[in-house]
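Notes follow the structure.
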Amino acid sequence: MVDLPGTSLDTESATFLRRHHIRAICLFRKNLGSEDEVRRLITELREVLGPEALIGMDQEGGSVVRATFLPQAPAAMALGAADDEALAEAVGAAVARGLRSLGINWNFAPVLDVNNNPANPVIAERSFGADPERVTRLAAAWMRGSLREGVACCAKHFPGHGDTHVDSHHALPTVDKSLEELEALELIPFRALAHGPDAAPALMTAHIVYPQIDAAHPATLSRPVLTGLLRERIGYDGVVITDALFMKAVHERYGHARGAVMALQAGADMPLAQGSVQEQSDTVQAIEEALREGELLPQQAQRAAQRLARLAQAYPATPRVYDEAQRAHDDALMHRAWARGLTALGGALPPPRGAALRVLTQASVASDGVSEAGLPAAKVRELFAGFDNVEFITLPDLQAINATSLPRDGRVNLLVSNQRTRYPGTAAAARPDLHLALWNPFQVLDIAAPALVSWGYADGALAAVRAWLEGAADAPGRAPVALAPLSA
């Protein structure tokens with residue numbers, strides 16, 4: 001699977017795809033223009049890739065969505081806070097309807113990682129929670145909805161990315177757990193959804209070293225993990241695709257080409273090898289050479305090709321009509337789902353409507369390449385449109401918040417966390433009257449204040465937050481991870 005440089009299919013890319021019989025494309029934010037432009041791009045891709053095209057994208061919900069013009073699904077942890085399987089299934093189906101309307105037939109979701117590490121810098125609200133049973137139930141329901149609507153799921157990140165404190169996009173994490181420890185937590189959802197009516201048709205690997213299983217290689221490149229554990233011990237026979245090989249955890253050590261060969265040797269079916277056309281050509285050449293030299297056996301390649309063909313045949317990349325009534329229904333569903341997950345902690349209450357408020361937030365938050373850009377300060381202002389007396393303070397970086405950031409002059413001080421990073425220890429001294437955590441829920445552990453957690457900042461989340469602030473709605477969610485705000 002490769003990627004493209006822009007929002008249309010350029011001649012060089014089309015020639016490359018035809019020459020090498022590539023049939024799988026991963027779309028990223030850089031590829032998505034207007035909805036009409038996306039439809040044109042996918043129509044062109046289907047013509048070049050052929051009838052067994054696999055067109056994939058990350059459309060998890062929450063902050064990890066690429067097609068932001070579709071109804072905006074809640075983050076997995078928002079669904080975890082609602083803990084309603086019927087709701088999760090309905091959301092999964094609605095996400096799939098939007099994708100299928102474009103001709104996208106493979107969604108790299110849901111996340112099966114059990115987030116039991118509050119310091120995790122990359123999963124957090126992307127997980128359904130810290131309880132593997134809840135993760136399993138809700139992920140299975142979400143997948144049922146998606147598969148019913150004709151979009152293949154890709155559960156991730158095997159064998160588990162929930163207990164890391166390093167982001168594999170930037171470095172190589174290690175999880176030093178025995179197989180028995182993994183079986184007791186991380187592997188429970190993957191094992192449960194490897195077989196039967198709720199089986200995931202595809203899994204994505206984790207760029208993480210599990211030294212008690214394979215000390216030399218990350219899971220993506222590890223035969224003991226992908227073949228010994230996943231294929232043989234668990235007995236999984238669906239498609240295995242790697243996480244992006246251009247992530248530093250793999251790329252800095254092995255490069256695209258060698259990493260792709262090692263992943264196939266380990267037991268993966270498809271390397272996700274983005275990059276320039278030259279880098280992608282080098283990857284194809286490396287695989288061809290490995291087959292010629294016997295580093296890869298023909299039967300390995302044939303089995304992988306068969307699994308991929310089976311996936312493409314079961315979930316064809318044929319667009320379906322998405323009429324305006326269904327789209328409006330799905331958008332309303334997403335709003336309801338976000339509202340169901342809204343969670344108040346530490347006795348949080350809305351500020352009095354006539355109170356003088358002070359709101360502190362970050363001016364802007366750029367995309368980190370995984371998540372979409374965070375909520376800008378101008379959008380934060382809209383949350384308080386129902387209040388008459390509001391002073392706004394914007395900082396270039398909320399990490400600089402300290403005891404002097406919020407004066408004690410009679411105004412109600414609100415901290416609106418619109419960025420993802422956990423706060424330093426000095427932030428506890430700021431002591432706002434109310435903390436609105438609009439992204440990373442574990443930030444409430446750093447701030448001494450009652451908190452409202454939205455699990456994300458999509459339109460439905462913001463509508464729920466505003467209604468709560470104005471006293472027009474409750475916060476019925478229950479945190480699916482351990483969250484106890486610091487005592488004020």
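Any read-out appearing in this document is the output of simple, stated calculations on the displayed coordinates, not a laboratory observation. Keep in mind that what you see is a predicted model, and the values were worked out from it rather than measured. Cβ atoms come from the backbone with ideal geometry, glycine included; neighbour counts cover every protein chain shown.
Brief remarks follow.
- In Hz, Karplus ³J(HN,Hα) per residue of region 334-340 (6.51, -1.76, 1.60; θ = phi - 60°; x = Gly, Pro): 4, 4, 5, 5, 4, 5, 5
- Point-charge dipole on Cβ atoms (K/R +1, D/E -1) for region 176-228, about Cα centre, debye to 20: 200
- 27 Å Cα cut-off, lysine pairs counted over the chain (separation 8 or more, or different chains): 6
- Put the Cα centre of region 94-111 next to the Cα centre of region 363-398 and the gap is 29 Å.
- Using the Karplus relation 6.51 cos²θ - 1.76 cosθ + 1.60 with θ = phi - 60°, the per-residue 3J(HN,Hα) values for region 146-153 come to 5, 5, 4, 8, x, 10, 5, 9 Hz, with x marking Gly and Pro.
- Each residue of region 471-485 was assigned a 3J(HN,Hα) from its phi angle through the Karplus curve 6.51 cos²θ - 1.76 cosθ + 1.60 (θ = phi - 60°); the sequence is x, 9, 8, 8, 10, x, x, 10, 4, x, 9, 6, 10, 10, x Hz, with glycine and proline shown as x.
- Relative contact order for region 85-172, counting Cα pairs under 8 Å that sit 6 or more residues apart, in percent: 44
- A simple charge model with +1 on the Cβ of Lys and Arg, -1 on the Cβ of Asp and Glu and nothing else charged puts the dipole of the chain at about 320 debye relative to its Cα centre.
- Cα centroid separation, region 282-337 to region 442-488: 36 Å.
- For the chain, the longest principal axis of the C-alpha atoms and the axis of helix 85-102 are separated by about 60°.
- Cβ crowding within 10 Å, taken as a proxy for footprinting-reagent exposure, orders W142, W455 from fewest neighbours to most as W142, W455.
- Mean separation of Cα contacts under 8 Å (6+ apart) over length of the chain, as relative contact order %: 16
- The chain: radius of gyration over Cα atoms, expressed as a fraction of 2.2 N^0.38 Å: 0.98
- Relative contact order of region 1-120, defined on C-alpha pairs under 8 angstrom at six or more residues apart (%): 25
- On Cα atoms only, tilt of 298-314 relative to the major axis of the chain in degrees: 50
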